[in-house]
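Visitor: What follows is a single structure, and I will ask about it in a moment.
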Amino acid sequence: MDLPPTTSWICDSCGLPIESASHGWVEWMVRYEDGKQIGRNVRLVHHCSAHEPINSRCQHNENLESAKDGSQLNDLPLDQFLGANGLMDILSEIDRGTWPLEDGLKMIKRLHIPGYEHARFYFDEAIRAGVFEPNVHPDYFSQETIKIVLDWVAAGKPQ
């Protein structure tokens, strides 16, 4: 009972839909410490040309972010991280340390687990409402559970 692949996402900056992979951008900050790359703040955002009225709020302000700890902005189109090759690219970023493990795992779920991106906002509420009983590690729900949550949301059940 697999759900169809995800074709729209939610911007981590403005909270509005990213309607197409070509409108999305994945960005993260990387600094060097003792010759090792250390990444932080992996985000999925609107590409500046995809959502003109809010573009200045979606992508990082590199100067402000760099001032925090000397990090440099790294970014690639969302398309780069989709499909089997995209999954391998995410795993590579995690392995190299340019993406923190937690950020990388979250992005894998968002980009590669059908339905997860839109259900993730409702898991806690659905559990509290008794829609499903979690019986797995938190936030690692099956396709069946994701579908149950999405159906619950579509039925207008969340308050």
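Here, each number is a calculation from the coordinates, and none is a lab measurement. For clarity, every value in this text was computed on a predicted model and none was experimentally measured. Positions of Cβ are generated from backbone atoms using ideal geometry, with glycine treated the same way; all protein chains shown enter the neighbour counts.
Visitor: Assigning unit charges at the beta carbon (Lys, Arg +1; Asp, Glu -1) and nothing else, what dipole magnitude in debye, to the nearest 20, does the chain show about its Cα centre?
Guide: Dipole size: approximately 220 debye.
Visitor: While we're looking at this one, here's another question. What order do you get for 118-125, 58-65 when each peptide is scored by the mean count of other beta carbon atoms within 10 Å, highest first?
Guide: The packing order, highest mean first, is 118-125, 58-65.
Visitor: Turning to a different aspect of this structure: Would you count, across the chain, every pair of lysines whose alpha carbons are under 22 angstrom apart, provided the pair is eight or more residues apart or spans two chains?
Guide: The result is 4.
Visitor: If you work out Rg/Rh (Cα atoms, Kirkwood Rh) from the coordinates, which of (i) 1.00; (ii) 1.16; (iii) 1.06 do you get?
Guide: Computed from the coordinates, Rg/Rh (Cα atoms, Kirkwood Rh) corresponds to (i).
Visitor: Per 5 Å bin, what is the whole-percent P(r) computed from every C-alpha pair distance within the stretch 110-159?
Guide: Spelled out per bin, shortest first, that is 4, 24, 37, 24, 9, 1.
Visitor: Based on the alpha-carbon gyration tensor of the stretch 9-100 and its eigenvalue square roots a ≥ b ≥ c, which shape applies: rounded if a/c is under 1.5, prolate if not and a/b is larger than b/c, or oblate?
Guide: Oblate shape, in that a/c is at least 1.5 and b/c is the bigger or equal ratio.
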